[in-house]
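Worksheet: the structure to be examined is printed underneath.
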Amino acid sequence: MKDTRTRAVITGIAGYLPDYILTNEELSRMVDTNDEWIMSRVGIRERHILKEEGKATSDMAVEAVKSLFEKTGTKPEEVDLLVWCGVSHDMVFPATANIISDKLGVKNAFSFDINAGCSSFIYALVTMASFIETGRCRKIVLVGAEKLTMYVDYTDRSTCPLFGDGAAAALIEPTSEDLGFVDSITRSDGAGCKHLHLPAGGSQLPASMETILRRQHYIVQDGQAVFKAAVSKMADTTMELMQRNNLSSDDVAWLVPHQANLRIICATGNRMGLPKEKVMVNIDRFGNTSSATIPLCLWDYESKLKKGDNLVISAFGAGFTWGAIYLKWAYNGVRDLSKGLTGGL
Ligand code: UT7
């Protein structure tokens, strides 16, 4: 039977990366590490860093959304919901989404934040799909943006090579075609908190001179515990999603994985039976940008995507949080109305 539900589709994608590039070579002059270790254990060669004084996560988000508006011919006043997802907010409150909306002149919308660690984009996309499917919203901007390096301790070699800054935004609209958001699995387990967290600055341990001196405003990660959980949860969830939607590895055009470690990405792709040509990878150039990795992948690979392509998106992050989404891509190649490219939409 034909599915006649209103579906949520991504109708445009745009990204932004700050200019400064921190290479493994430069890192190896800061801490006891080397390119060979980072490439073989993680797969990162370089990452972008927002260095300019006074610039915040919202500034990168604004650049990504401006570019999204240009590419899709969208006016700020047409947007009815703007959501920022991520962990590196501008301020504890108000919501970073409110600040982004103000900087962009998005006046006829409501805006709020979603934080689910590195699974933020998946959680947010699932939530946005519901707003579209119920008819509550018709034009949603979802932006994943992170100034994650503000949380990075550049004296800790076990975490400092991993993270980068960046932003990417998606426009989400309704369709009655057999395209867009099909199914998802999302899960969390707060027992994972001890393995990946940022200790100070919240209500449990408010910021003080002592927390600063104890370096408690930086990321704490038990890498091996997170690695093991990420490999099993990403693979299990994507397999469950494929099975219940009768998708074989031949049916899947692309795996869009969170970019935390090339070995986790490959393990997920292998479990799904996918050749590496079907797995989106840009961790080598951007590192782990948390909520921005998945939309940055979509932006990076946009020219290769075709209308109707089956995409499986998968992520794992602090919480623990994890999940997977099955969606059908909505257009062919780069969609950039400012250059006359419609993508067939
Ligand atoms: O995005 C949110 C979710 N996060 C993740 O999914 C991250 C998951 N975890 C990982 O990706 C990996 O565990 C890491 C990349 C963080 C670490 O890789 P690993 O292979 O698990 O390394 P390890 O922590 O077990 O350390 C192995 C060795 C140790 O030396 P010894 O004790 O064997 O002599 C470390 O001291 O590697 C050493 N090491 C380093 N050596 C050179 C740790 N960091 C470095 C470094 N350079 N930067």
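The values are calculated or read from the model by the stated rules, or taken from the named source; none is laboratory data. These numbers were taken from a predicted model, which means no experiment stands behind them. All Cβ positions, glycine included, derive from the backbone under ideal geometry; neighbour counts span all protein chains shown. We work out accessible area using only protein heavy atoms, side chains counted, and drop any ligands, DNA or RNA first. Shrake-Rupley method; radii C 1.70, N 1.55, O 1.52, S 1.80 Å.
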Problem - The one condition in (1) more than 16 Å from the ligand (Cβ to nearest atom); (2) open to solvent by 20 Å² or more (accessible area, probe 1.4 Å) that Q221 fails to fulfil - result: (1)
Exercise for the section: Considering only the stretch 121-178, state which residues are under 14 Å from the mean Cα position of the chain (by Cα), within 12 Å of the ligand (Cβ to nearest atom) and small (G, A, S). Expected result: G164
Handout entry: Of residues in the stretch 45-84 being open to solvent by 80 Å² or more (accessible area, probe 1.4 Å) and not acidic (D, E), the one farthest from A109 (Cα to Cα)
Key = R45
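Looking only at residues in the stretch 1-37 that are small (G, A, S) and closer than 19 Å to C297 by Cβ, which one is surrounded by the most Cβ atoms within 10 Å (Cβ to Cβ)?
G12
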Practice task
Inspect the stretch 184-193 for any residue being at pLDDT 95 or above, outside the structural domain of S58 (by TED's automatic domain parsing) and in contact with an Asp or Glu (Cβ under 9 Å, 6 or more places away or on another chain) and give the result as yes or no.
Solution key: yes
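Taking the condition touching a Lys or Arg at 6+ places or on another chain (Cβ under 7 Å) and surrounded by fewer than 24 Cβ atoms within 10 Å (Cβ to Cβ), does S338 pass? Lay out the reasoning, then the answer.
Numbers: touching a Lys or Arg at 6+ places or on another chain (Cβ under 7 Å): yes; surrounded by fewer than 24 Cβ atoms within 10 Å (Cβ to Cβ): yes.
When the stated conditions are applied, S338 passes them.
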Handout entry: Pairs with Cβ under 8 Å, 6+ apart, first in the stretch 261-276 and under 13 Å from V42 (Cβ atoms), second basic (K, R)
Key = N261/R41; R263/R41; C266/K276
Practice task
Among the residues of the stretch 137-157, write down those that are of a type in the set (V, I, T) and more than 13 Å from N288 (Cα to Cα).
Solution key: I140, V141, V143, T155
Exercise for the section: Could you grab me the full set of residues in the stretch 78-92 that are part of a helix (DSSP H, G or I) and free of Cβ contacts under 8 Å to residues at least 24 places away in the same chain? Expected result: none
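Would you check if A229 is in a helix (DSSP H, G or I), touching a residue at least 60 places away in the same chain (Cβ under 8 Å) and either within 15 Å of the ligand (Cβ to nearest atom) or among the polar types (S, T, N, Q) (or both)? Talk me through it step by step, then tell me what you get.
Values: in a helix (DSSP H, G or I): yes; touching a residue at least 60 places away in the same chain (Cβ under 8 Å): yes; either within 15 Å of the ligand (Cβ to nearest atom) or among the polar types (S, T, N, Q) (or both): yes.
Spelling it out, A229 is indeed in a helix (DSSP H, G or I), touching a residue at least 60 places away in the same chain (Cβ under 8 Å) and either within 15 Å of the ligand (Cβ to nearest atom) or among the polar types (S, T, N, Q) (or both).
Taking the options M209, M280, name whichever one is of a type in the set (A, V, I, L, M) and either open to solvent by 50 Å² or more (accessible area, probe 1.4 Å) or within 15 Å of the ligand (Cβ to nearest atom) (or both). Steps first, answer last, please.
Working: M280 fails: either open to solvent by 50 Å² or more (accessible area, probe 1.4 Å) or within 15 Å of the ligand (Cβ to nearest atom) (or both).
Going through M209, M280 in turn, the sole match is M209.
Is it true that some residue in the stretch 307-320 is within 16 Å of the chain's Cα centre (by Cα) and at positive phi? Lay out the reasoning, then the answer.
Narrowing the stretch 307-320 to residues within 16 Å of the chain's Cα centre (by Cα): 311-320.
Now restrict to residues that are at positive phi: 319.
Looking for residues that are within 16 Å of the chain's Cα centre (by Cα) and at positive phi, one finds at least one in the stretch 307-320, hence yes.
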Exercise for the section: Among the residues of the stretch 78-113, write down those that are in contact with a Gly (Cβ under 8 Å, 6 or more places away or on another chain) and within 16 Å of the ligand (Cβ to nearest atom). Expected result: C85, G86, V87
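Do you know which of the residues in the stretch 93-123 that are free of Cβ contacts under 8 Å to residues at least 60 places away in the same chain and among the aliphatic types (A, V, I, L, M) is surrounded by the most Cβ atoms within 10 Å (Cβ to Cβ)?
Filtering the stretch 93-123 for residues free of Cβ contacts under 8 Å to residues at least 60 places away in the same chain gives 93-115.
From what's left, among the aliphatic types (A, V, I, L, M): 95, 97, 99-100, 104, 106, 109, 114.
Details: A95: 18, A97: 27, I99: 21, I100: 30, L104: 21, V106: 24, A109: 20, I114: 22.
So the residue we want is I100.
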